[in-house]
1. Mind checking whether some residue in the range 83-93 is open to solvent by 10 Å² or more (accessible area, probe 1.4 Å), at pLDDT 95 or above and closer than 30 Å to residue 161 by Cα?
2. What number of residues within the range 371-386 satisfy the criterion of being farther than 13 Å from residue 58 by Cβ, part of a strand (DSSP E or B) and open to solvent by less than 30 Å² (accessible area, probe 1.4 Å)?
3. Can you tell me how many residues within the range 172-223 are touching a His at 6+ places or on another chain (Cβ under 9 Å), under 22 Å from residue 361 (Cβ atoms) and charged (D, E, K, R)?
4. Filtering the range 137-149 down to residues that are without any contact (Cβ under 8 Å) to a residue 40 or more places away in the chain and crowded, with 17+ Cβ neighbours inside 10 Å, which residue is farthest from residue 213 (Cα to Cα)?
5. Return only the number of the condition from (1) open to solvent by 40 Å² or more (accessible area, probe 1.4 Å); (2) over 24 Å from residue 176 (Cβ atoms) that residue 11 does not satisfy.
6. Here is a check on your reading of the model: is residue 250 under 25 Å from residue 91 (Cα atoms), part of a loop (DSSP other than H, G, I, E, B) and out of contact with any helix residue (DSSP H, G or I) (no Cβ under 7 Å at 6 or more places or on another chain)?
7. In this structure, is residue 425 open to solvent by 10 Å² or more (accessible area, probe 1.4 Å), under 30 Å from residue 24 (Cβ atoms) and either modelled with pLDDT under 95 or in a strand (DSSP E or B) (or both)?
Amino acid sequence: MALVIRNGRVCDPSQNLDAVMDVLVVDGRIAALGPNLDIPPQAELVDATGLVVAPGFIDVHVHLREPGFTAKETIATGTRAAVAGGFTAVCCMANTLPVNDSPLVTRYILDRAREAAACRVYPIGAVTKGLQGEALADIGGMAAAGVVALSDDGHGIANANLLRRALEYASDFGLPVIDHCENRDLAAGGVINEGAVSTRLGVRGMTRAAEEVDVARDVVLSSLTGAHIHIAHLSTAGSLELVRRARAEGLPITCEVTPHHLTLDESAVLTLGPLAKMNPPLRTAGDVEALLEGVADGTVTCLATDHAPHTTLEKDQVLLHAPFGVVGLECAVSLMLDRLYWQQGIPLLRLIELFSTGPARAFNLPGGTLQIGCPADMTILDIHRETVVDVRQWQSKARNCPFDGWRLKGAPVMVVVGGERRSVLPPPVLAETVAADYRTS
């Protein structure tokens, strides 16, 4: 079976490639790249004139909620949301019910993904049993079953010695450990960022030190063990600087930043209420500026949504009692094209790296490249298309998004997963000729 993506602007950071050419896919893999390729008989043809063809986008931080919390999301609805948002793969966190802390649960997730998933699903296993932070989970068993990383996301690991042992053990299996950096004592009872807004609203704040203390500890433990640690949803200027210094010293530390931490600050809580409540919380405008600098200078490894679906009933409570978390699979790519590429001037190759090559390298995943012989996972973008975020049209079960109604420039129009074409937008959009005067970068 053959597929030809014709006349697209092919942007592949893994090859430092940015040129108009064709992509030939045969039997689910990249077979050739180049201008005016010969089209095999019976090949499916996609005219990508004026569109950007990139390695498939990977979201390394998603809560699919299955098993256990299927009223919020399922593997089927979450992966359909991922495809609608331009992603070809997601990594799903372990805080399900039961927790993914054993090979039995890992295999269940992978079996369900084979049955119902619209894109690739890579399970992340728990670091500790039941996410309790007291004893290591069956890391070897989960590694054999197919997890790609370990994380107690949603819970900081308070016991530094336990984390050290986890890092050493995970290294034996080539698995990164993803840390939700939150010192429990410093963060206890916090609702939003500790600062002017928390004071104004009369609610307890979460100090930035709660994150930064644990990031500093993780840097020391990575240096001690030589193990790869990945900082989840980094949110403060201080945390970023710690990671920047560690990476400059050659330590195997990577990090992710969410679209909401790059586009909103703590003042959003005043107008959005619980829709702007997440953990870590939205920080100050100064932190947003620092994170944008980290994106530009290469400190940030990848962008990740931390897609955290909740039911409307759960989220529609007063700020104090509403659960933490927002969803973003279906708007993240458009949001970042609009705010990072068009408004901040982040080069297109760099933005694509943050969504594809960077995640693939950090988590040792297939994909993130259009090199010949690699899996044919692609995200096709119309960087000129204007869209409006409308949560009523989403594939996700959840609607807890702070960006509803935002007008954005740039959107995914198609994904290809293993050589199979899956439209994001209605077919007529793909036939439109888009202005060719795109900005070079």
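The values are calculated or read from the model by the stated rules, or taken from the named source; none is laboratory data. If you're wondering where the values come from, they're calculated on a predicted model, not measured in any experiment. As a convention, Cβ positions derive from the backbone with ideal geometry for all residues, glycine included, and neighbour counts pool all protein chains shown. In case anyone asks, the SASA skips ligands and DNA or RNA and just uses the protein heavy atoms, side chains included. Shrake-Rupley method; radii C 1.70, N 1.55, O 1.52, S 1.80 Å.
1. The answer is no, given that none of the residues of the range 83-93 is open to solvent by 10 Å² or more (accessible area, probe 1.4 Å), at pLDDT 95 or above and closer than 30 Å to residue 161 by Cα.
2. 4
3. Qualifying residue count, the range 172-223: 1.
4. Taking the range 137-149 first, the residues without any contact (Cβ under 8 Å) to a residue 40 or more places away in the chain are 137-141, 143.
Applying the additional criterion that residues be crowded, with 17+ Cβ neighbours inside 10 Å yields 137-139, 143.
On the way: 137: 25, 138: 28, 139: 26, 143: 29 Å.
Here the residue is 143.
5. (1)
6. Values: under 25 Å from residue 91 (Cα atoms): no; part of a loop (DSSP other than H, G, I, E, B): yes; out of contact with any helix residue (DSSP H, G or I) (no Cβ under 7 Å at 6 or more places or on another chain): yes.
Spelling it out, it is not the case that residue 250 is under 25 Å from residue 91 (Cα atoms), part of a loop (DSSP other than H, G, I, E, B) and out of contact with any helix residue (DSSP H, G or I) (no Cβ under 7 Å at 6 or more places or on another chain).
7. Working: open to solvent by 10 Å² or more (accessible area, probe 1.4 Å): yes; under 30 Å from residue 24 (Cβ atoms): yes; either modelled with pLDDT under 95 or in a strand (DSSP E or B) (or both): yes.
When the stated conditions are applied, residue 425 passes them.
Matching residues to (1) farther than 18 Å from residue 368 by Cα; (2) at pLDDT 95 or above; (3) surrounded by fewer than 22 Cβ atoms within 10 Å (Cβ to Cβ):
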residue	(1), (2), (3)
17	no, yes, yes
20	yes, yes, yes
23	no, yes, no
28	no, yes, yes
39	yes, no, yes
50	yes, yes, yes
